[in-house]
1. Of Ala340, Ala331, Ala346, Ala325, which residue is farther than 19 Å from Gly424 by Cβ, out of contact with any strand residue (DSSP E or B) (no Cβ under 8 Å at 6 or more places or on another chain), part of a helix (DSSP H, G or I) and aliphatic (A, V, I, L, M)?
2. Got a sec? Which of Ala417, Ala498, Ala471 is more than 22 Å from Pro219 (Cα to Cα), among the hydrophobic types (A, V, I, L, M, F, W, C) and surrounded by fewer than 18 Cβ atoms within 10 Å (Cβ to Cβ)?
3. Would you tally the residues in the range 204-226 being assigned to a helix (DSSP H, G or I) and surrounded by 21 or more Cβ atoms within 10 Å (Cβ to Cβ)?
4. Filter the range 235-259 down to residues that are under 18 Å from the mean Cα position of the chain (by Cα) and in contact (Cβ under 8 Å) with a residue 24 or more places away in the chain, then give me how many there are.
5. Considering the range 341-357 alone, what residues qualify as being under 26 Å from the mean Cα position of the chain (by Cα) and small (Gly, Ala, Ser)?
6. So how many residues does the range 128-150 have that are surrounded by fewer than 24 Cβ atoms within 10 Å (Cβ to Cβ), in a loop (DSSP other than H, G, I, E, B) and either polar (S, T, N, Q) or at pLDDT below 90 (or both)?
7. Can you pull out the residues in the range 118-127 that are in contact (Cβ under 8 Å) with a residue 24 or more places away in the chain and in a helix (DSSP H, G or I)?
Amino acid sequence: MHTDTERCVRAVRSKDARFDGWFFTAVTTTRIYCRPSCPVVPPKAGNMTFYPSAAACQQAGFRACKRCRPDSSPGSPEWNHRADLVARAMRLIADGVVDREGVPGLAVRLGYSARQVERQLLAELGAGPLALARAQRAQTARLLIETTTLPMADVAFAAGFSSVRTFNDTVREVFALAPGELRARAPKGTASTQAAPPGGSAASGVISLRLPFRAPLNPDNLFGHLIATGVPGVEEWRGGAYRRTLSLPHGHGVVALTPHPGHIGCRLRLTDPRDLTLAISRCRRLLDLDADPAAIDAQLSADPLLAPLVAKAPGRRVPRTVDEAEFAVRAVLGQQVSTAAARTHAARLVTAHGEPVDDPEGGLTHLFPGPERLAGLDPESLALPRSRRTTLTTLVRRLAEGSLALGSGTGWDEARARLTELPGFGPWTVEVIAMRALGDPDAFLPSDLGIRRSARELGLPHTPAALTARAAAWRPWRAYAVQYLWATDDHPINFIPAQDA
């Protein structure tokens with residue numbers, strides 16, 4: 001979009017927040033870059049230059065605006081509905097792969113040479129993987145500087161910088177302020193890292209932040225689905241927040257996510273602050289916060305039978321996951337059983353194989369066991385039909401040995417093909433994993449009983465083949481159409497409970 005100058009100028013002059021993250025406005029006279037909705041008086045059109053990413057602005061020598069904080073705007077929805085090399089690379093960079101494994105590691109995960117990855121990112125985003133990762137580190141650093149009392153050296157390494165000097169230079173260059181000045185400018189009372197326990201460190205405290213999104217956002221089905229299907233000990237609804245445990249590269253964490261009209265409140269307790277970037281990325285993906293509801297709802301509203309559903313409660317998101325392998329296991333446990341039965345099966349698995357954690361603020365007890373922990377489980381210990389035991393053990397074995405990849409950098413079609421090869425994986429299981437674990441916005445479940453019942457009530461075709469043909473007009477947003485169709489039912493997944501659950 002950044003190449004359409006006239007459209008970008010109109011968005012800046014109208015201060016339209018819907019375009020935040022789609023492009024960035026760099027002002028040539030002040031050398032500052034902003035988000036389209038920046039509250040300051042718009043500059044003259046001749047002084048505006050548009051870039052596709054914050055990293056490209058920084059690489060061109062512009063610094064972030066102190067008013068609108070463009071580096072913290074919602075991510076581009078482009079990476080949500082695309083599965084090409086650039087989109088997959090951006091999802092992996094958001095997960096901190098470049099910080100942990102470098103550009104060679106990113107290239108290996110994508111199946112391309114490092115040179116080809118660099119060329120593609122430069123062509124589309126105006127910045128290579130190192131510059132994009134650097135911009136992300138700068139954003140994480142500012143978040144830690146402004147919202148915690150961590151020493152600056154700890155902030156530097158937690159944000160992914162290799163040295164304090166590099167950290168200081170980057171913060172000065174990007175924000176035109178030294179780290180200490182940035183902390184001094186933060187509103188009083190925002191530092192949220194609590195005192196460390198005896199023998200612990202400040203890094204074991206709590207970090208509170210706000211997760212932005214593009215309005216509108218309807219939280220009912222989003223949080224209702226996560227709460228109704230939550231695994232006891234791993235997930236809970238407490239004090240108006242959805243809480244769950246997180247398995248992270250350097251340790252584990254507990255997150256509490258609270259819906260608010262203009263943002264999602266996020267409260268993170270991490271054992272190692274180096275996992276902050278990945279934890280934020282996973283929470284945003286879990287709640288589908290980078291979606292573009294205006295484009296999605298406009299497409300679905302073109303169908304006269306869906307239009308009333310969209311008008312009644314616009315902005316529905318797809319509830320996703322923080323761990324693709326975890327969701328795949330839970331999808332198998334949920335085959336042909338009720339929501340309550342699926343929760344029971346998952347809870348037994350967690351109790352037997354999950355790693356225990358402490359949760360001083362609630363009732364969370366375990367991390368969901370990863371494929372490595374489940375690879376050696378005894379099939380006879382599972383209270384499942386024999387065929388489903390085979391399905392589950394085959395899945396976890398393939399995940400553990402690496403022959404099946406379900407990460408954020410995996411191609412959607414490739415993953416579907418590999419899942420279909422597994423015993424017991426039919427179209428429903430493959431598509432629900434594609435929708436909620438892989439994040440494919442066009443995944444569709446025409447054989448789902450709830451979808452067929454809703455289709456019949458609305459006057460839509462209710463046989464899988466006929467419904468699929470009708471749903472062609474909803475592409476590439478059929479996963480969102482599923483949310484609107486599910487919402488016609490009074491199932492608990494569509495409602496946020498009034499009390500703790």
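The values are calculated or read from the model by the stated rules, or taken from the named source; none is laboratory data. All of these numbers come straight from a predicted model, not from anything done at the bench. Note that each Cβ is placed from the backbone with ideal geometry, even for glycine, and that neighbours are counted across all protein chains shown.
1. Working: Ala331 fails: farther than 19 Å from Gly424 by Cβ; Ala346 fails: farther than 19 Å from Gly424 by Cβ; Ala325 fails: farther than 19 Å from Gly424 by Cβ.
On inspection, the qualifying residue turns out to be Ala340.
2. Answer to the selection: Ala417.
3. Start the filter on the range 204-226 by keeping residues that are assigned to a helix (DSSP H, G or I), which leaves 204, 219-226.
This time we only want the ones that are surrounded by 21 or more Cβ atoms within 10 Å (Cβ to Cβ), so: 221-226.
Going through the range 204-226 one residue at a time, the tally reaches 6.
4. Start the filter on the range 235-259 by keeping residues that are under 18 Å from the mean Cα position of the chain (by Cα), which leaves 235, 241-249, 252-259.
Narrowing further to those that are in contact (Cβ under 8 Å) with a residue 24 or more places away in the chain: 235, 241, 243-249, 252-257, 259.
Of the residues in the range 235-259, 16 are under 18 Å from the mean Cα position of the chain (by Cα) and in contact (Cβ under 8 Å) with a residue 24 or more places away in the chain.
5. Ala342, Ala346, Ala347, Gly354
6. So the count comes out to 2.
7. Looking only at the range 118-127, we keep the residues that are in contact (Cβ under 8 Å) with a residue 24 or more places away in the chain, and these are 120-121, 124-127.
Hits for the range 118-127 are Gln120, Leu121, Glu124, Leu125.
Residues are listed down the side, and each one gets a yes or a no for (1) in contact (Cβ under 8 Å) with a residue 24 or more places away in the chain; (2) surrounded by 15 or more Cβ atoms within 10 Å (Cβ to Cβ); (3) in the same structural domain as Glu173 (by TED's automatic domain parsing); (4) more than 23 Å from the chain's Cα centre (by Cα):
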residue	(1), (2), (3), (4)
Phe23	yes, yes, no, no
Pro39	yes, no, no, yes
Asn47	no, no, no, yes
Ala55	yes, yes, no, no
Gln59	yes, yes, no, yes
